[in-house]
Amino acid sequence: MRLKDPFSLKAADMTKRSNKPRKPRDEESSDEVSGLTCQHVSKAVDLSTVKKSVLSSVWLVCSECLKERTMIDGEPAAEHDILVCLKCGFQGCNQSGIQHAVKHYQAFHPESHCITISLNTWKAWCFECNEELSTHCNKKALAQTLDFLQKHSVKATSASPKIMKLREEPSDYTDPPRGKSPVIYSTLVPVKGIINLGNTCFFNAVMQNLSQTHMLIDLIQEVKEKGYKLRICPPVETNLSPLTVTLPGPEPLTAALFLFLQSMKESGKGSVNPKILFNQLCQKAPRFKGYQQQDSQELLHYLLDSIRVEETKRVKAGILKAFNNPTEKTADEETKRRVKAYGKEGVKMNFVDRIFVGELTNTIMCEECEHISTVKEAFIDISLPIIEERVSSPLLFIRKPVEKIYTSARKQMLISSLPPVITLHLKRFHQAGMNLRKVNRHVDFPLILDLAPFCSASCKNLAADDRVLYSLYGIVEHSGSMRGGHYTAYVKLRAAQRKTEHHRNLPGAREASSSSPGQWVYVSDTTVQTVPESRVLNSQAYLLFYEEML
C-alpha cells in the first residue's frame with residue numbers, strides 16, 4: 001500500500017484519550033500527538049458558564065454557520081466537527097476556510113477563550129499552547145467538563161436521535177397486489193450511535209461495521225430462534241446420508257449479539273446501549289474488563305471466536321439429540337463414527353464461518369531437493385504490514401510473488417478459500433525494541449478490491465483475465481497515539497445485494513469497475529454524520545471490511 005506524507009496536526013484531527021495520566025514519552029512515531037498539561041486551564045475553563053450556554057443552545061450546531069446559513073459539500077456546516085469553548089460554551093465549527101472556533105478564540109484572545117473540546121473526538125486542545133491537553137491536569141477541571149459534555153451528548157442524541165437511512169431498491173421477490181399497478185416497496189437501513197461505556201470506542205467501532213454487514217443480519221434471522229433446522233450433508237466418502245438436526249436456543253453471548261443487532265436495526269429509537277453484549281463478552285474474555293482502551297482487531301477476534309465456540313456447542317448438541325444423546329458407554333463404534341462425521345461437517349456451518357472465515361495456503365519448496373510442503377490455516381482477517389516503500393499494488397505484500405525464507409527454500413502464501421466478507425488489518429502497532437510504536441501515516445486503500453491475483457488456482461478456478469471483486473463497506477479508524485487514541489467507524493449505507501448464489505464467473509462480475517452507490521456515514525460513539533467519499537479515503541484506516549460483489 002502506498003504511503004502519503006504524515007497528516008499535519010489540526011484540531012479537527014484530535015482524538016479521545018485514555019483516562020490514565022500522561023506518562024513520560026517513550027519511543028513512538030514522529031507524527032503522534034504529544035500534549036501534556038497546560039497553564040491556561042485555571043483561567044480558560046468555566047464549567048458553570050459552559051453548562052448554561054450548552055443547555056440553552058442547539059446541540060452540535062455551529063452558531064455562526066447557523067446565522068450565515070453556510071453550506072459545505074452540499075450539507076449544513078453544522079453537520080461537521082464542532083468545538084466547544086470551555087470558557088463560554090460557544091459551539092464553533094473547525095472547517096478549513098471557515099474555522100469559526102478559531103475566529104472565536106482570536107476575537108476573545110485577551111479573555112482566555114483558548115481551550116476547546118471536540119464533540120466529534122472528545123479531545124481537548126489549547127490554541128495558546130498549540131497542543132492537545134490531558135484531561136487530568138489542574139484539579140480535574142477538564143475531566144469534569146468533558147464528563148458533562150459527554151453526558152449531555154447522550155441525552156441530546158437520545159432526545160433527537162441521529163439516524164441516517166437509505167432507501168433501497170424494491171425487492172425482486174415482491175409482487176404487486178392483484179388488480180393494482182406496481183408500487184415501490186422499500187426498506188430503511190438505520191445507522192445509530194452506540195453509547196460509550198467508558199473507553200469502549202474500540203468495541204463500538206467494530207460493532208458499527210458488523211451492524212452494516214448485510215449477510216450477518218440475514219443469517220441471524222434464520223438461526224436466532226430455538227428449533228432451527230440444520231441440514232448436514234457429509235462428504236460422499238463417508239457413505240452417510242444427509243441429516244437434519246434441530247438446534248437448541250443460542251448460548252448467552254450469541255443471544256446478546258442477536259439482541260444488539262436487532263436494536264441497531266430497529267428504527268425510531270436513539271443511541272443503543274451495548275452493556276448486555278459487552279458484559280457477556282467480558283465473561284468470555286476477561287481481558288476487556290476494567291474499561292481500559294483496547295485493540296479493535298483483538299476485540300473482533302475474541303468476539304467472533306467466542307461465538308464460533310458457542311455455535312459449535314449448539315450444533316453438536318443438535319447432532320447428539322438426533323442420536324438420542326449417546327454417551328461413551330452407550331454408543332457403539334458405528335454411532336461414534338456417524339456422530340463424528342456429522343459433527344465435522346456441522347460445525348463448519350455456523351454463521352461466523354459462513355461469513356467471515358477463509359483459508360490461506362502456505363507452500364514451501366526446498367530449492368535443493370524440490371520437496372514441496374503445504375500447510376493450510378483458517379483466517380478471520382488478513383494482517384498486512386505497513387511498508388515504507390511505494391508499491392504499485394496495495395496488497396503486493398500478501399503474495400511478493402515468491403519469498404525466500406532460508407538460503408535453500410522458497411515460501412508462497414495464497415488465499416485458497418475466500419469468505420463472503422473479508423477483513424483486512426493494517427498493522428499500525430508494532431514492537432520497536434522494548435516499546436510499542438504506532439504508525440500514524442496514511443495508507444491508500446481501494447474502494448473495489450480484486451483478490452484474484454492473490455488466490456490459488458484451486459480457489460478461484462478462473463481464467464487469467466478473471467477477477468474476484470470485493471467492495472469496501474466499512475472501516476475502523478484509529479487516530480491518536482499509543483497512550484491516547486480513539487476508535488471511530490465509517491460505514492456505507494447501501495442497498496442489500498440480491499439474494500442469489502455467488503457467481504464469480506459471470507461477465508457482469510468481471511466487468512464491474514466501481515463501487516455500488518450509497519452514502520458513507522461517520523460514527524464516533526453516539527455522534528453520527530454523513531460524509532463525502534473523499535473523507536473516507538483520507539481516513540487512518542485500521543480495519544477494512546470488504547464484501548464480495550455478486
Going through the stretch 415-471 in order, the residues found to be more than 26 Å from Gln540 (Cβ to Cβ) and part of a loop (DSSP other than H, G, I, E, B) are Leu418, Pro420, Ser456, Asn461, Leu462, Ala463, Ala464, Asp465, Asp466, Arg467, Val468
Lys376, sole failed condition from (1) of a type in the set (Lys, Arg); (2) in contact with a strand residue (DSSP E or B) (Cβ under 9 Å, 6 or more places away or on another chain); (3) crowded, with 17+ Cβ neighbours inside 10 Å:
(3)
Quick check on Leu197: is it under 23 Å from Ile276 (Cα atoms) and at pLDDT 90 or above?
yes
Could you please give the count of residues in the stretch 271-298 that are closer than 30 Å to His152 by Cβ and in a helix (DSSP H, G or I)?
10
Among the residues in the stretch 225-240, are any of a type in the set (Gly, Ala, Ser) and either surrounded by 14 or more Cβ atoms within 10 Å (Cβ to Cβ) or modelled with pLDDT of 90 or more (or both)?
no
Quick one: His301 ticks every box in (1) in a loop (DSSP other than H, G, I, E, B); (2) open to solvent by 40 Å² or more (accessible area, probe 1.4 Å) except a single one, so which number is it?
(1)
Reported set for the stretch 329-373 where residues are of a type in the set (Asp, Glu) and surrounded by fewer than 12 Cβ atoms within 10 Å (Cβ to Cβ) is Asp332, Glu333, Glu334, Glu368, Glu370
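The values are calculated or read from the model by the stated rules, or taken from the named source; none is laboratory data. Remember, predicted model here, so these are calculated numbers, not experimental data. In this analysis, Cβ positions are derived from the backbone assuming ideal geometry, glycine residues included, and neighbour counts consider all displayed protein chains. For the accessible areas, the whole protein counts, side chains as well, though only heavy atoms, and no ligand, DNA or RNA atoms are used. Shrake-Rupley method; radii C 1.70, N 1.55, O 1.52, S 1.80 Å.
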